[in-house]
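As structure tokens, the structure follows; a few thoughts come after it.
The values are calculated or read from the model by the stated rules, or taken from the named source; none is laboratory data. These figures come from a predicted structure and were not determined experimentally. Backbone-built Cβ (ideal geometry, glycine too); neighbour counts: all protein chains shown.
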Amino acid sequence: MKQQELIPHLFRSEYSKIVAVLSRRIGFEQIETAEDIAGDTFLAAMHSWPVNGAPPNPVAWLYNVAKNKAKNYLQRNHIYENKITPELQNTFDAIHESEIDLSPKNISDSQLQMMFAICNPVIPAESQIGLALRILCGFGIQEIAEAFLSNKETINKRLFRAKEKIREEKISIEIPGPAEIDERLENVLTTLYLLFSEGYYSVSQNQVIRKDLCFEAIRLCLMLIENKNTDKPAVNALLALMYFQASRLDARTDKNGEMILYDDQDATLWNIDLVGKGGYFLNRAASGDKLSKYHLEATIAYWSTQKADTPEKWEAVLQLYNRLLQIEYSHIAALNRTYALSKANGKAEAIIEAEKLKLTNNHFYYVLLGELYTDVDNEQAKSNLKKALSIAKTETDKQTIRKKIERLK
Amino acid sequence: MRHEDGSKIASPEQMQVWMKQTMDWIGGIAAQNKFVSGTGLMFADAKVVSHNKVVTDGPFGEIKETIGGFIVVKAESAEEAAEFAKNCPVLGGEGNTMEVRRIAKNDGTH
């Protein structure tokens, strides 16, 4: 790897590890200090490596520098604290006794604890994803801003407020006990799900960042599975869902970054390897007595990896959506369920059901109606697609709808 | 859902068709975000305890009607709930009926 690529690459993989370990050591409320130390460490690398050449083991070099900087910080802090609270005599020894531990085991423990700390419901969802990207995935502020179609100032403000919340609420870095782990894990899964969706359905045109978001969500989900306390059926189901969806990442955009709809995708571009991994984790998810929404969504996603339009497929998908909607309603599930209904029970029934949904603010609703009326009543189809076009927000969506109208002529 | 005769035994194929129709019906209500909960009731092991505390099997025989299940929906009015009820596959059975009732609030009002 070339030197100018080496540091950004290491930043992405190591920054988050250093921050997690240091935050755990000095306290979550001091996360900004941990970030400063990690940042300074990379700054030191940027000054030294171009001049002296990259060290033989760059990661070890970074860990050493981070350790020393952390130790200096703790000593300085200790002297300061000692002046105002002289009775604290033993802390200095304590610092030397508990070295900064950057062993693989402590890194992964710290990151897991960090995940629970960040995915805390008192922090607003948007900020959780921002913090996760920054602290767990080592994304730059600019990259986060691009993912959210926002700017650096807004993201910085959002992260600042989230960290303030961490201090106010005294959120600590720890894995919750067995009694509350299921409930807390649900929050973590929600955040990982949003992180993945942000990449998969994101409004951002930046394909590289979108893909990175998806694979970071997968990486974090894998981390949960590697720990026996968090290796639960719902986690496996979510990971299966992500793998199945990610298998189409390369097939769903053309070389100009334009969206290719499912029916038009080249199925030979679907990643068989990822489909296989999805199958593996869906199997692992099939234990316990609770059917989560992730189980249902993963099974639906499995059927999406089967391109053949068979009656079995659509009947299965319809029943999965029927159950999913009973667990948790969402506009997109209601629309997809109605599409599956048209495939399983016929368009006539689906049109009646679709007209009942009345999601008149949602352009996908009119796209669905356009789809259902096609070849039944093309005038109706066209007028619905035109309504969709008039309320669609992104250029990608408008482009897709225009193509559909074009096809009707 | 009220069945005229709970002692009728359906074939597995028939059960499967009803199951799908019922799931599609509930799914349609859930797709409108109007579904709250649903409970199916088994006819097997049904007991009736009468006024004089005599326990009999079924409500079969002298009582001609039995409850097959209930579903709780969010509806703007009893009329809207009745519209949902119209599409329930239970009504495919002659003599079966759907009864629509408002749930009493726990604060003494209705």
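Here are the numbers:
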quantity: Residue in segment B:2-17 that is within 14 Å of another protein chain (Cβ to nearest Cβ) and modelled with pLDDT of 85 or more present; calculated: yes
quantity: Filtered residues of segment B:69-99 (kept if of a type outside the set (Ser, Thr, Tyr), in a loop (DSSP other than H, G, I, E, B) and farther than 24 Å from A:Glu349 by Cα); calculated: B:Gly95, B:Glu99
quantity: Selection count, segment A:20-54, where residues are hydrophobic (A, V, I, L, M, F, W, C), within 26 Å of A:Lys165 (Cβ to Cβ) and in contact with a Leu (Cβ under 9 Å, 6 or more places away or on another chain); calculated: 7
quantity: Close pairs (7 angstrom Cβ cut-off, 6 or more residues apart or separate chains): closer than 30 Å to B:Asp24 by Cα in segment B:38-59, surrounded by 12 or more Cβ atoms within 10 Å (Cβ to Cβ) and of a type in the set (A, V, I, L, M, F, W, C) anywhere; calculated: B:Gly38/B:Ile26; B:Gly38/B:Ile71; B:Thr39/B:Phe70; B:Leu41/B:Ile67; B:Gly58/B:Ala46; B:Gly58/B:Val48; B:Pro59/B:Ala46; B:Pro59/B:Val48
quantity: Some residue of segment A:352-361 being within 21 Å of A:Asp263 (Cα to Cα) and in contact (Cβ under 8 Å) with a residue 24 or more places away in the chain; calculated: no
quantity: Selection status of A:Ala217, crowded, with 17+ Cβ neighbours inside 10 Å and of a type in the set (Gly, Ala, Ser); calculated: yes
quantity: Whichever residue in segment A:304-321 is in a helix (DSSP H, G or I) and away from every other protein chain (no Cβ under 14 Å) and, among such residues, is nearest to A:Phe281 (Cα to Cα); calculated: A:Ser304
quantity: All positions within segment B:31-48 that are within 7 Å of chain A (Cβ to nearest Cβ) and either in contact with a Ser or Thr (Cβ under 7 Å, 6 or more places away or on another chain) or more than 17 Å from B:Met1 (Cβ to Cβ) (or both); calculated: B:Ala31, B:Gln32, B:Asn33
quantity: Among the residues listed as A:Ile332, A:Ile327, the single one being under 25 Å from A:Lys403 (Cβ atoms) and either touching a helix residue (DSSP H, G or I) at 6+ places or on another chain (Cβ under 8 Å) or without any contact (Cβ under 8 Å) to a residue 24 or more places away in the chain (or both); calculated: A:Ile332
quantity: Single residue of A:Gln319, A:Gln380 found to be under 21 Å from B:Asn87 (Cα atoms) and free of Cβ contacts under 8 Å to residues at least 12 places away in the same chain; calculated: A:Gln319
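One line per residue, one yes/no per condition, for (1) in contact with a Cys (Cβ under 9 Å, 6 or more places away or on another chain); (2) part of a helix (DSSP H, G or I); (3) over 17 Å from A:Asn236 (Cα atoms); (4) within 14 Å of another protein chain (Cβ to nearest Cβ):
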| residue | (1), (2), (3), (4) |
| --- | --- |
| A:Leu274 | no, yes, no, no |
| A:Gly279 | no, yes, no, no |
| A:Asn283 | no, yes, no, no |
| A:Gly288 | no, no, no, no |
| A:Tyr302 | no, yes, no, no |
| A:Arg323 | no, yes, yes, yes |
| A:Leu335 | no, yes, yes, yes |
